[in-house]
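The values are calculated or read from the model by the stated rules, or taken from the named source; none is laboratory data. Note that this is a predicted model, so its numbers are computed, not measured. We place every Cβ from the backbone using ideal geometry, glycine too, and count neighbours over all the protein chains shown.
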Ligand code: TYD
Ligand code: MG
């Protein structure tokens, strides 16, 4: 392929320059110019060939919305239930998925398992490995018990060769592991640079859209702010999944951050075993620690991640602090913790200004929904007063700055899940109280924080 002239394009305003400049000549932003390929002389198409436009739809005749047929996308389930859940039902024809996560968390393992499952479901698959040799991939497949797998493997890092192979072999699903190891010979920058990562991803996205091949890109999250990491690709792809989890525990969560073909915030739960990742169909069991008797500083929260309610234990430890007490939270937002402590002081008269406050969501799960507030507050007060909450107790609800307890979405489902798992007492926002009683569950509906504290004292 003839080498075309390279050009530097601003990622903010798409202005171009023949040389690299620190400051964009168009918008004046700093360090936004990256190397791109100028594919037509005169620059007429340059604006649209910049990587940021790569994922966009092709031009068509103008038509009223009502006359465009809304075709359902064709998807194939991999049969790995937890993965299909985050994908929104399975792999979509022509869909581009980005799967990010720390090195060593299990991306290659999961994808090899998924490719084998898809291959067996009748889709020809191609696994392009840039990080490991074919032999290393084969070794992993033996560990996973997939030695008889028909998945095609290609060890290659040059984009043009990969594109040629894909065109020649016509797989239905193609994995690129990882996008940071790929390079295009159109650019002079090193593999893993922003320019290369974007250019390669843009080509692969165009390939997916043009041919209907589903492309799965693996991206490492780098510790240094992920400059050339998966974040620069999020806008280009259809689906963004992130691996989460504590590398010290064997549990892994895969969360959908963006999904053009399904719900976001859906999570899949896996356990890393000797023989690869296994789906966990009842995740609540993981996130509850096993206390035989209730202990102070622990409150079970019913959280709703995606479409599935899950029970997670929130733990708090309040202890006398030094001159500048610490507020630390693991798996929950720290700013929110400071806010909740202020609400507790102002509206329930419970001061913690001279105390260290630590909160933790058990099992390495990360909770972002505000409906966790009430459980966090109850765990904190329980620790502060050294009194355990009753056995079989759950709570959820958002707490506002005025001390009000606001409803959580889909309260009924949360309560039903708790009852199903044998919980017996619930403190919930008034608006979430069910009209009909739920068998086995005593529900206390509250409107304010101070009311919640009173109810809990009455239960002790
Ligand atoms: P890997 O999929 O290589 O991670 P990534 O591609 O995200 O960098 O997973 C590597 C880790 O998983 C490694 O520490 C070993 C562990 N592992 C198992 O525990 N069981 C297995 O069956 C396999 C294949 C890996
Ligand atoms: Mg890997």
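Values as computed for the structure displayed
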read-out: Tally, over segment 339-378, of residues that are within 19 Å of residue 253 (Cα to Cα) and either outside the structural domain of residue 305 (by TED's automatic domain parsing) or not in a helix (DSSP H, G or I) (or both); value: 7
read-out: Flag if residue 408 is assigned to a loop (DSSP other than H, G, I, E, B), within 13 Å of residue 301 (Cα to Cα) and touching a residue at least 40 places away in the same chain (Cβ under 8 Å); value: yes
read-out: Neighbours by Cβ (under 8 Å, 6+ apart or cross-chain): first from segment 129-144, more than 17 Å from residue 180 (Cβ to Cβ); second within 12 Å of ligand 2 (Cβ to nearest atom) and assigned to a loop (DSSP other than H, G, I, E, B); value: 140/132
read-out: In segment 118-136, the residues that are away from ligand 2 (no atom under 13 Å from the Cβ) and surrounded by fewer than 21 Cβ atoms within 10 Å (Cβ to Cβ); value: 120, 121, 122, 123, 124, 134, 135
read-out: So residue 168, is it in the same structural domain as residue 102 (by TED's automatic domain parsing) and either surrounded by fewer than 18 Cβ atoms within 10 Å (Cβ to Cβ) or touching a helix residue (DSSP H, G or I) at 6+ places or on another chain (Cβ under 6 Å) (or both); value: yes
read-out: Per-region count, segment 167-194, residues outside any loop (DSSP other than H, G, I, E, B) and within 16 Å of ligand 1 (Cβ to nearest atom); value: 6
read-out: Cβ pairs under 8 Å, 6+ apart, first in segment 238-252 and free of Cβ contacts under 8 Å to residues at least 60 places away in the same chain, second within 15 Å of ligand 2 (Cβ to nearest atom) and part of a strand (DSSP E or B); value: 250/272
read-out: Tally, over segment 77-108, of residues that are in contact with a strand residue (DSSP E or B) (Cβ under 7 Å, 6 or more places away or on another chain), more than 10 Å from ligand 2 (Cβ to nearest atom) and under 20 Å from residue 275 (Cβ atoms); value: 5
read-out: One residue from 369, 398 being under 20 Å from residue 426 (Cβ atoms), in contact with a strand residue (DSSP E or B) (Cβ under 8 Å, 6 or more places away or on another chain) and at pLDDT 95 or above; value: 398
read-out: Search result, residues across segment 128-165 that are more than 21 Å from residue 98 (Cβ to Cβ), in contact with a helix residue (DSSP H, G or I) (Cβ under 8 Å, 6 or more places away or on another chain) and away from ligand 1 (no atom under 16 Å from the Cβ); value: 150, 152
read-out: Residue 126 vs. criteria in a strand (DSSP E or B), closer than 27 Å to residue 267 by Cα and in the same structural domain as residue 221 (by TED's automatic domain parsing); value: yes
read-out: Selection status of residue 286, under 20 Å from the mean Cα position of the chain (by Cα) and assigned by TED's automatic domain parsing to the domain that holds residue 112; value: no
read-out: Test result for residue 111, within 13 Å of ligand 2 (Cβ to nearest atom) and in the same structural domain as residue 182 (by TED's automatic domain parsing); value: yes
read-out: Segment 77-106 residues that are in the same structural domain as residue 238 (by TED's automatic domain parsing) and part of a helix (DSSP H, G or I), paired with ones that are within 14 Å of ligand 2 (Cβ to nearest atom) and modelled with pLDDT of 90 or more (beta carbon under 9 Å, 6 or more apart); value: 82/277; 83/110; 83/113; 83/114; 83/277
read-out: Residues of segment 73-127 satisfying the condition of being at positive phi and more than 9 Å from ligand 1 (Cβ to nearest atom); value: 79, 88, 89, 90, 94, 122
read-out: Any chance residue 417 is surrounded by fewer than 18 Cβ atoms within 10 Å (Cβ to Cβ) and either more than 16 Å from residue 377 (Cα to Cα) or in contact (Cβ under 8 Å) with a residue 60 or more places away in the chain (or both); value: no
read-out: Among (1) at pLDDT below 90; (2) assigned to a strand (DSSP E or B); (3) within 16 Å of ligand 1 (Cβ to nearest atom), the one test that residue 310 misses; value: (3)
read-out: Residue in segment 145-153 that is within 13 Å of ligand 2 (Cβ to nearest atom), outside any loop (DSSP other than H, G, I, E, B) and within 16 Å of residue 217 (Cα to Cα) present; value: no
read-out: Residue in segment 197-209 that is more than 16 Å from ligand 2 (Cβ to nearest atom), more than 28 Å from residue 78 (Cα to Cα), buried (at least 16 other Cβ atoms within 10 Å of the Cβ) and at pLDDT below 90 present; value: no
